[in-house]
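Engineer: Input: one structure, supplied below.
Since every read-out is calculated from the coordinates, none of them should be taken as a lab result. Since we're looking at a predicted model, the values are computed, not measured. All Cβ positions, even for glycine, are placed from backbone atoms using ideal geometry, and neighbour counts span all protein chains on display.
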Amino acid sequence: MTFFPRPWLVIAALSSGVFGCATVGGAQGKDLVTLRYGWPEQATIRVMHTVDVRTDWSGRMTAQRRYAMRLGPVDEEGRRRLIIQDVEIIEAPFPAFVEPLATSIIDAQGDFQGIDPLEDGPGQDLLDALPVSPRKKAQMTKALTNGLEREARNRWNEWVGSWHGSRFKPGRTEVVATTMSVGTGRKKTEDVPAEERVRLDVGVACSDAVPEPRCARLKIVREPVGQTDETQGRYAHVELELVTDPATLLPYSSRVIRMDRVDWNDGTGEPDFHEAVHVEQHTFLHGVEGAPGQVAAVGLR
């Protein structure tokens, strides 16, 4: 039986501030593929991270950064730290995009356990530079810590944490009942019945740089029941596409798309529909050392 012991946590859309989560389950049968966590110790991964937000009221904004991830050795409790290094900001129209990236703590099973204390990283340097009272600084430290941990958890679950141990029948689309958040006004949402379509394909190329067909593509699409992008009226659409090594869950690319069509009149007058599309892409290159500027030279796009 396919099983998902942890929820899929989609990264919050910067344009709308909404995110989704669902627990998926389904198919039975033979020839199932099990996704397993097995990142090697001291794994080094270069990452290109792009966020593209398009709205019909404010145009298009794109943010880009690149950095290195290094998975440290096992500590005395059997955990390892995923350390972010060499962050290079290329474009940053969103203030949150320049916030530090926390060091994540991952257990032996591949589950997220938290982040290192803020005083151990660059986030504390930012707070120490602010001319505020100790009480205000403590409040800001707590808020920043909570935000960094939430982002780190969502990021890890999107790549690994929600999938390890899950089993799929390749090439088969499973339809799962769930709910999702749909906008009902400028700042209002409601949860509505939705369907999640889940499919795993195997034997796909890992990336342009690694064309061997040894990876798997996991695609999940969530929409309100009975709706598609051709549906009139308010609408929401969320999808995740993850290309990964099924034997280790080392990711090669991850893309999350969220589309919203919302009536800004909130149903009280003539409809005034507006659309926003948020695309978040991570592209990974494994086993590459060096300065951040070398990432582009070896093929990350």
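Engineer: Take the alpha carbon gyration tensor of region 168-298, find the square roots of its eigenvalues, order them as a ≥ b ≥ c, and report rounded if a/c is under 1.5; if not, report prolate when a/b exceeds b/c, else oblate.
Structural biologist: oblate
Engineer: Output needed: percent of Cα pairs per 5 Å distance bin for region 224-278, bins running from 0 to the one holding the longest distance.
Structural biologist: Using 5 Å bins, I get a P(r) of 4, 16, 19, 16, 14, 9, 9, 6, 4, 2, 1 for region 224-278.
Engineer: Moving on to the next point. By a straight-distance test (C-alpha under 21 Å), which lysines pair with K219 as possible cross-link partners, with residues fewer than eight away in the same chain excluded?
Structural biologist: K30, K169
Engineer: Sequence neighbours fewer than 8 away in the same chain don't count; with that in mind, list the aspartates and glutamates whose C-alpha is under 19 Å from K187.
Structural biologist: D56, D260, D263, D266, E270, D272, E275
Engineer: Let me ask something additional. Once you order the gyration tensor axes a ≥ b ≥ c over the Cα atoms, which shape class does region 50-183 get: rounded for a/c under 1.5, otherwise prolate or oblate by comparing a/b with b/c?
Structural biologist: Since a/c reaches 1.5 but b/c is at least a/b, the shape of region 50-183 is classed as oblate.
Engineer: A follow-up question, please. Straight-line reach from K142: which aspartates and glutamates have a Cα under 17 Å away, not including same-chain ones fewer than 8 places off?
Structural biologist: By straight Cα distance, K142 reaches E99, D116, E119, D120, D125, D128, E151.
Engineer: Taking 22 Å as R0, compute the FRET efficiency from the Cβ-Cβ separation of Q109 and V192 and round it to 0.05.
Structural biologist: For R0 = 22 Å, the calculated efficiency reads 0.05.
Engineer: Determine the gain in length on full extension of the stretch S58-Q232; use 0.36 nm per residue of separation and subtract their C-alpha separation, reporting nm with one decimal.
Structural biologist: The span from S58 to Q232 would gain 60.4 nm if fully extended.
Engineer: Using the crude model of +1 on Lys and Arg Cβ and -1 on Asp and Glu Cβ, and no other charge, please compute the dipole size for region 36-114 relative to its Cα centre, in debye to 20.
Structural biologist: Charge dipole of region 36-114: 260 debye, to the nearest 20.
Engineer: Efficiency by 1/(1 + (r/R0)^6): what FRET value for E212 and R70, r their Cβ-Cβ distance, R0 = 22 Å, to the nearest 0.05?
Structural biologist: For R0 = 22 Å, the calculated efficiency reads 0.40.
Engineer: Which of the GluC sites (Glu not before Pro) found in region 187-258 are in a DSSP loop and have at most 13 neighbouring Cβ atoms, other than their own, within 10 Å?
Structural biologist: E230
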